[in-house]
Amino acid sequence: MLDGRGQKISIGKNVLIIDPTSPEPNRGSFCYMPYLAKMGLQRTCQLSNVVLMEDFTLAGLDEVEKQNWDSVFIALWSYPQIAFCTYLDRVFRGKARFFGYYPIIEDLGLPIARLEDDEILYGMAEYPKNYKNFKHLLLSDCDQHIQGGKDIEVVPLFTSYGCNRGCSFCSAAVNCQHRRLVLSTDDVENMLCECFNQIKWNIHFTDEDFLYDTERAYRILKFATSLTDQWQFIALAHLNTLDRFVDFVRQEDPKVANKIWKCMRLFEVGLETASASVAKDMHKRGDSGVDKAVSVWEKCPVPILWLTMTFFPGETIKSIRETGNFLTKYGLSKEQMTPRLVTNGTRAGLGQFYQAYHGTGMDFSRLRGCGTVLTETPMRLVPSFVPDSFRESMFVRNALFIYTDEFDFYKQVYGLHLDDQDLQKIDGAIGDVPTCVNDLIKKLGIKSSTMFSDICICIALLARLDLIREV
Ligand code: SF4
């Protein structure tokens, strides 16, 4: 571990790692940090006793305070953890250091402890040997695409950590300083052997882009499928790297290719938006646009779950509708997803809501200049920001909406606090005369931020489902 000046921290014999409980589910690679720290420190400081307290709450504090710790490292990787972390800082009277999402820790002025590259690499390599030692394995809801019933066990496996691309909203790339730490293929092969021997054959590759190096990914999967073809894999990929990988595998030995495609259950690809203008503002895909996404979808023999983002600055009814239209053709159907999963990949799944993560270049004061900030402790599956571009875009009715089953289904999935009367008011307020979200809010007399948020989700859903259209 390194301190804020980049100096090595002497950690002593008794080391405590605390991962405070967080309501934020699966916030990318940060939430694995405490696990990587436990395994990495155990390996780099072999004489130390490293204890990880997962899901830590106030109830565990008495027990922890009774012991004499040489070092206390506290994970802070999500906004909802902030209040508890600043409290813990006081409890440990200056003894604690914080790691996780570094720009938040720096902004709060808390003492920092940065995982060294070796510790992250060891942490990744040691993960399979430690599955049994953890209470949680922290996987994503996409795991339900793996066949075998709800209770099937899926395990995470990192072969690399971080990303060197520059999508403007991306906290994952910021936190690793736009670098990718990579395990050798020999290490990955050993990890796969470990999984094979433990019969952990359902694996979610938790790399930001598992396919970043085509030949490496092919070599890893070729090795894996030489052990068995009973694996079920999920992997995250970038559109361009998936494109390259599909072309590459096609030219290789067909027997290996068939095994690879048999074992790959799902690719998760960050589409974010089908709107060229919003994608450009996000620095997302250059000029390739959705045409590239369509061509990859057409040739990829494995289902693609398109990850999307809603309410990025610049979002409008038009851009939301474009994404809905794309997902109607190339997304997954809601029947392929359980209600818990409709936040992504289906035509009305709004995916992650944009958050102005510290360090991404859009701080909260800048954000206030281009929209409404609903909270400064955002969670990705609830809107925390609504851009003015969305509030101001004009739209009219495209179809009758209130009583469609699909709208009702998504209304329930998002838990909207809108009763029949509210919906009838919205229905009545949208007609053939152009209106906008701001006008609707005025007509409905909305007072609470929950109601405001629900109305914005409702309008976004109507746009995604093609029930309103921009003018
Ligand atoms: S490709 Fe993915 S992980 Fe990399 S910067 Fe963009 S959003 Fe982040």
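None of the figures in this text is laboratory data; all of them are computed from the coordinates on show. Fair warning: this is a prediction, and the values are worked out from it, not measured in the lab. Positions of Cβ are generated from backbone atoms using ideal geometry, with glycine treated the same way; all protein chains shown enter the neighbour counts.
Before anything else, pin down the relative contact order of the range 14-108: Cα pairs under 8 Å, at least 6 apart, normalised by residue count, whole percent.
39 percent
In the chain, with Lys and Arg counted as +1 and Asp and Glu as -1 at Cβ, which of these residues, TRP231, MET1, THR273, has the Cα nearest the positive end of the dipole, that is, farthest along it?
MET1
Antiparallel as a % of all DSSP beta bridges within the chain, to the nearest 5?
So the antiparallel bridges in the chain amount to around 25 percent.
Need one number: the % of Cα-Cα pairs in the range 366-470 sitting beyond the 23 Å mark.
22 percent
Checking a compactness column here: for the range 117-353, what do you get for Rg(Cα) / (2.2 N^0.38 Å), N being the number of residues?
1.00
Rounded, prolate or oblate: pick one for the range 1-128, where a ≥ b ≥ c are the square roots of the eigenvalues of its C-alpha gyration tensor, a/c under 1.5 means rounded, and failing that, prolate if a/b is larger than b/c, else oblate.
Because its axes are fairly even, with a/c under 1.5, the range 1-128 counts as rounded.
Relative to the longest principal Cα axis of the chain, at what angle does helix 214-227 sit, 0 to 90 degrees, rounded to 10?
70 degrees
Would you mind ranking TRP297, TRP231, TRP261 by Cβ crowding within 10 Å, fewest neighbours first?
In order of increasing Cβ crowding within 10 Å: TRP261, TRP297, TRP231.
Give me ILE234, ILE104, ILE11 ranked fewest to most by other Cβ atoms within 10 Å of their Cβ, as a rough exposure proxy.
So the ranking, lowest neighbour count to highest, is ILE11, ILE104, ILE234.
With contacts defined as alpha carbon pairs under 8 Å and 6 or more residues apart, what's the relative contact order of the range 366-470 in percent?
Contact order relative to length: 35 percent.
Using the Cα centre as the reference, give the magnitude of the dipole from point charges on the C-beta atoms of the range 117-353 (Lys, Arg: +1; Asp, Glu: -1; all else neutral), rounded to the nearest 20 debye.
About 660 debye.
Counting every Cα pair in the chain, what percent are over 41 Å apart?
22 percent
Have a look at the DSSP beta bridges in the range 117-353 and tell me what percent are antiparallel, nearest 5.
Here the share of antiparallel DSSP bridges comes out near 15 percent.
Ranking GLU63, GLU106 by Cβ neighbours within 10 Å, fewest first, what do you get?
Least crowded to most crowded, the residues run GLU63, GLU106.
When only Cα pairs under 8 Å and 6 or more residues apart are kept, what is the percent relative contact order across the chain?
About 11 percent, as a whole number.
What's the angle, to the nearest 10 degrees (0 to 90), between helix 33-44's Cα axis and the longest principal axis of the chain?
Helix 33-44 sits roughly 20 degrees off the main axis of the chain.
Could I have the simple spin-label model distance between ASP118 and LYS66, label points 7 Å from Cα toward Cβ, reported in nm to one decimal?
Distance between label points: 3.6 nm.
Divide by every residue of the chain the summed helix terms, -39500 (n - 2.57) for each DSSP H run of at least 4, and state the resulting mean residue ellipticity at 222 nm, rounded to the nearest 500 deg cm²/dmol.
Here the helix-only value at 222 nm equals -11500 deg cm²/dmol.
Roughly how many debye, to the nearest 20, is the charge dipole of the chain about its Cα centre, given +1 on each Lys and Arg Cβ, -1 on each Asp and Glu Cβ, and no other charges?
Dipole of the chain, to the nearest 20 debye: 300 debye.
What net charge do the residues around LYS135 carry, taking every other residue with its C-beta under 9 Å from that of LYS135, with Lys and Arg at +1 and Asp and Glu at -1?
-2
Angle, helix 185-197 long axis vs. longest principal axis of the chain, Cα atoms, 0 to 90°, nearest 10?
90 degrees
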